[in-house]
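So the structure is just underneath, and the comments pick up after that.
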Amino acid sequence: MSSKRLLHPERQLAYESGPFDRLTHYLFRYPAKFHPPVVKTLISEYSQRGDRLLDPFCGSGSMLVEAAVAGRHAVGLDLDPVAAFVSRVKTHLFDVHQLSASINLLSDQLHPLRRPDQEYLDRSFRDITLEELESTIADEDLWIPAIPNLFHWFRKYVILDMARVHRVISDLQIPPSHKDFLLLCFASIIRASSNADPVPVSGLEVTSHMKRKEAEGRIINPYALLDRSIAKAVPGVTSFSIKADRQITVSVHQGTALQVSTHLRRAFDAIITSPPYHNAVDYYRRHQLEMFWLGFTRTQADRLALKQEYLGRQSVSRNDPILKQQRLLGTLVSDWDSRIRKESDQRANSFLHYCLSMKQVFLQFEPLLRNGSPAVIVIGNSKWNGTEIPTVEILMELARPQFEISSYFWYPVKNRYMSYTRRNGASIDKEHVLVMRHTHASRIGNGNPWS
Ligand SMILES: C[S@@+](CC[C@H](N)C(=O)[O-])C[C@H]1O[C@@H](n2cnc3c(N)ncnc32)[C@H](O)[C@@H]1O
């Protein structure tokens, strides 16, 4: 079966390209986010007020935020604990006056801990000593996350500042949702407080650009970064809390989409999602500093256990159980598998793992959707050895026979925060929307959610 036969005529997706409501979309910099007007358009096109929507790869929760504002109930799932946390905070309805009181309390308690501005200037060239770090940790009984290679990622005085901020937030006598908001603001400054380059999205690296900046004297003041992050976040949560429909429920779960139908046992009116691309963003590596600082992973063993479940990852063990599955994959997958395998078994395993996983995800979607309800998939292409892998056609093939494509759109990538080109040359200028529908009657039947 050639890829051409799978293709429907592709149309450009029309969405409003003017200024849009920022809501809580910019509380945390998340790789490969939905462009908000695109997901807003997909929600209005493929669902109705009061419907229940699912995003099983919810990432930073863009779909959930837009769904709540558009009056749709929404459920999000993501394997990444940072993603699930970010999504939860971004979709929480805050009483902004009460939240401001908690922010003031934090500010009062942080005030005596701040170093003078001049010290931050001086510290750009001269860090504290290991002895000073260790004795302060002991004196103040500070919790420091067990990040491997900690001093590669952070200056020593920054570790102290961050541990103090973390301690103060954790000890504040405020509602748990306020604490989560403050921890999200804290999470959003971790990368900028570290030695890693905040710009490349695919992973986490101390780039030569950052080394140059260090040599020139880079000021890192976590308290000032936190002030800015909070000041930026408040208008977002205010706007979301005013505009979100109060009758709507949004829930977020952490778990794998490979078993989404066992996590969630009710029917949805639409799935709107953007799965990871094969070998594009390494979410596991990308979020490791945040995962440790937020206490989502306590040990390296915790993290390694999680790593095995990321879909689209580059390194896959040849004993991975997914690779043992005997599933019928189409000729396009087989062609690409043999092509890649000629050069590298390891890379071919990673590609096959992606395809087998996505096949399993589509099988999971089937019992979750009401009869005739769409699964709307947003995806780009990825490259292998300079050649574009036709991810869109491959997904169409994998979705069969449970789903047929009912529409197929493309749109130019706008401000989606991604820069894959730096890593694997994947296409960044065009993304695709596949609208799939069941090819046969649903097991649930119309309008009868599972209990
Ligand atoms: C393209 S991103 C989604 C971004 C999201 N649309 C947004 O606006 O933020 C893909 C997501 O898939 C998640 N992911 C990877 N493997 C997963 C799995 N097995 N189950 C669920 N989510 C997974 C990643 O953590 C990442 O957040």
Please list, or write none, the aspartates and glutamates whose alpha carbon is within less than 19 Å of the alpha carbon of K342, excluding same-chain residues fewer than 8 places away. E388
Tabulate in residue order the Karplus-calculated ³J(HN,Hα) for region 278-291, using 6.51 cos²θ - 1.76 cosθ + 1.60 with θ = phi - 60°, rounded to whole Hz; enter x for Gly and Pro. 5, 6, 10, 9, 8, 4, 4, 6, 3, 9, 5, 5, 5, 4
Around W410, which amide H atoms from residues at least 5 apart in sequence, or from another chain, sit under 5 Å from its own amide H, with H modelled in the peptide plane? R11, Q12, L13, V433
Strictly greater than 27 Å: what percent of every Cα pair in the chain meets that? 56
Yeah, region 6-83 with a ≥ b ≥ c from its alpha-carbon gyration tensor (a/c under 1.5 is rounded, else prolate when a/b outruns b/c, oblate otherwise) is rounded
Quick one: which residues, 5+ away or cross-chain, put their amide H under 5 Å from the amide H of F57? H built at 1.01 Å from N. L77, S274
Those lysines that a straight Cα-Cα span of less than 23 Å connects to K40, excepting residues fewer than 8 apart in one chain: K90, K232, K243, K414, K430
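For a protection proxy built on the mean count of beta-carbon atoms within 10 angstrom, sort 73-86, 355-368 highest first, please. Each step should come with its number before you reach the end.
Details: 73-86: 24.4, 355-368: 21.9.
Descending mean neighbour count gives 73-86, 355-368.
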Could you list C185, C58 in order of exposure, starting from the residue whose Cβ has the fewest other Cβ atoms within 10 Å? C185, C58
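Taking 2.2 N^0.38 Å as the expected size of a compact globular protein, what ratio does the Cα radius of gyration of region 61-182 give against it, to two decimals?
Numbers: Rg = 18.3 Å, N = 122, 2.2 N^0.38 = 13.7 Å.
This ratio for region 61-182 stands at 1.34.
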Expected 222 nm ellipticity per residue - DSSP helices of 4 or more, -39500 (n - 2.57), all of the chain, to 500: -13500 deg cm²/dmol
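Would you mind computing the Rg to Rh ratio of region 96-240 from its alpha-carbon coordinates, Kirkwood style for Rh?
Working: Rg = 15.8 Å, Rh = 16.3 Å.
That ratio is 0.97, to two decimals.
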Tally the DSSP beta bridges in the chain and give the antiparallel ones as a percent, rounded to 5. 50
C-alpha center-to-center spacing [region 59-125, region 283-330] in angstrom: 26
Measure nothing fancy, just the Cα-based angle from helix 96-110's long axis to the longest principal axis of the chain, in degrees from 0 to 90, nearest 10. 40
Express in nm, to one decimal, how much length is gained between K307 and L328 on full extension, taking 0.36 nm for each residue of separation and deducting their alpha carbon distance. 4.9 nm
Phi angles of region 244-256, converted by Karplus (6.51 cos²θ - 1.76 cosθ + 1.60, θ = phi - 60°) into ³J(HN,Hα) in whole Hz with x for Gly and Pro, give 5, 6, 6, 7, 8, 10, 10, 10, 10, 10, 9, x, 9
Once phi is turned into ³J(HN,Hα) by the Karplus curve 6.51 cos²θ - 1.76 cosθ + 1.60 with θ = phi - 60°, what whole-Hz value does each residue of region 331-342 show in order, with x for glycine and proline? 5, 5, 5, 4, 4, 5, 4, 5, 4, 6, 4, 4
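Read-outs throughout are calculated quantities, based only on the coordinates presented, and are distinct from any laboratory measurement. Owing to the predicted nature of the structure, the values given are computational and were not obtained by experimental measurement. Every residue, glycine as well, gets a Cβ built from its backbone with ideal geometry; the counts of neighbours run over all protein chains shown.
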